[in-house]
Amino acid sequence: MTDIEALKESVSEKLYAQEPLAQAILSYLNNSDPAAHQAILNRFDEIVSARIDCLIQEALENESNTEKCRK
């Protein structure tokens, strides 16, 4: 696992932990429909991952623009 993947997983777990209603619903789904449970968790991880990728890209673009201004 890369540092970026570990960061994404950590952020995803932290965000999930802040949502007790989501935890309750997913706990119920895990018992009644494990496939739906896993699909929802995967989608949540995809959303978090995409948002982090966008933030990283924005930071890299800002850094590049800052370097251009310094020249």
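The values are calculated or read from the model by the stated rules, or taken from the named source; none is laboratory data. This structure is a prediction, so every number in the text was calculated from the model and none was measured. Here Cβ is always computed from backbone atoms with ideal geometry, including for glycine, and neighbour counts include all displayed protein chains. When the accessible area is computed, the model is the full protein with side chains, heavy atoms only, and any ligands, DNA or RNA have been set aside. Shrake-Rupley method; radii C 1.70, N 1.55, O 1.52, S 1.80 Å.
Some points to look at:
- Those residues of segment 17-45 which are exposed (fewer than 12 other Cβ atoms within 10 Å of the Cβ), within 19 Å of E5 (Cβ to Cβ) and not polar (S, T, N, Q), in sequence order: A17, R43
- Looking at S32, S64, S12, S27, just one residue is modelled with pLDDT under 90, more than 17 Å from the chain's Cα centre (by Cα) and among the hydroxyl-bearing types (S, T, Y), and that residue is S64.
- The set of residues in segment 8-45 being β-branched (V, I, T) and closer than 21 Å to I56 by Cα consists of V11 alone.
- Tally, over segment 17-31, of residues that are of a type in the set (A, V, I, L, M) and either under 15 Å from D45 (Cβ atoms) or not in a helix (DSSP H, G or I) (or both): 3
- K71 vs. criteria over 15 Å from the mean Cα position of the chain (by Cα) and either open to solvent by 70 Å² or more (accessible area, probe 1.4 Å) or modelled with pLDDT of 90 or more (or both): yes
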